[in-house]
């Protein structure tokens, strides 16, 4: 359990550092820069997620004696547990970030979404209704729930893939000292 907590925390912490880097670089200040921030966060966030799950799963595998198998299911379970703890910590961080550290981010996101609606040729009335729906979805509680579900989903997908490479068969050899 300690391995899952440790690597889940590291994964969430690295993701939080990425958000802070984007924030301090000013990429969360305007709708024009938000697209760049989202692209960087997606690409670098995927690298952080894969790295965290791989390192954590390897650490868990190292705790199992070589004589015992570390099956696909064991590797998947380790990846999922790391994802679970990372998602829980990450949801807490995102809640803190969006309500205390950068409460203006919601307005920047709404502005960027309005620009997208206008570029798609929506009428002013339709764009206003769509923006109202987006505003409801931007409530911190809704964002936390969505973040939890999506975090678990994507972390599990990464775990499904990495588990195929990190499983280990049991060895029959006994090392004599």
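Read-outs: derived from the displayed coordinates by stated rules, not from any lab. A quick note: this is a predicted structure, and the numbers were derived from the prediction, not measured. All Cβ positions, glycine included, derive from the backbone under ideal geometry; neighbour counts span all protein chains shown.
Given a Förster distance of 30 angstrom, what is the FRET efficiency for residue 164 paired with residue 144, based on the Cβ-Cβ distance and rounded to 0.05? Don't skip to the answer; put the middle values down first.
Working: r = 31 Å, r/R0 = 1.04.
Rounded to the nearest 0.05, the efficiency is 0.45.
Sorted from fewest to most neighbouring beta carbons within 10 Å, what does the list 64, 48, 53 look like? The partial results should precede the final answer.
Details: 64 15, 48 20, 53 28.
Fewest-to-most Cβ neighbours within 10 Å comes out as 64, 48, 53.
So what is the 222 nm mean residue ellipticity for the chain from helices alone, if each DSSP H run of at least 4 adds -39500 (n - 2.57) and you divide by all residues, rounding to the nearest 500 deg cm²/dmol?
Working: 6 runs with 137 residues, N = 177.
Only helices count here, giving -27000 deg cm²/dmol.
Would you report the distance distribution of C-alpha pairs in the chain as whole percents per 5 angstrom bin, up to the bin with the largest distance?
Answer for the chain: a P(r) of 1, 8, 14, 16, 15, 12, 10, 8, 6, 4, 2, 2, 1, 0, 0, 0 percent.
In which sequence would 122, 137, 81, 1 go, from the one with the fewest C-beta neighbours within 10 Å to the one with the most?
Working: 122 16, 137 11, 81 21, 1 7.
Ascending number of Cβ neighbours within 10 Å: 1, 137, 122, 81.
Hey, what angle do you get for helix 2-24 against the long axis of the chain, alpha-carbon based, 0 to 90 degrees rounded to 10?
For 2-24 against the chain, the angle is about 30 degrees.
By how many nm would the segment from residue 99 to residue 133 grow when fully extended, if each residue of separation counts as 0.36 nm and the alpha-carbon distance is taken off? Show your work: numbers first, answer last.
Working: separation 34, 0.36 × 34 = 12.24 nm, distance 1.93 nm.
Result: 10.3 nm gained on full extension.
Taking the chain as the reference, fit the longest principal axis to its C-alpha atoms, fit the long axis of helix 31-63 to the helix C-alpha atoms, and give the angle between the two in degrees, 0 to 90, nearest 10.
Compared with the principal axis, the helix lies near 10 degrees.
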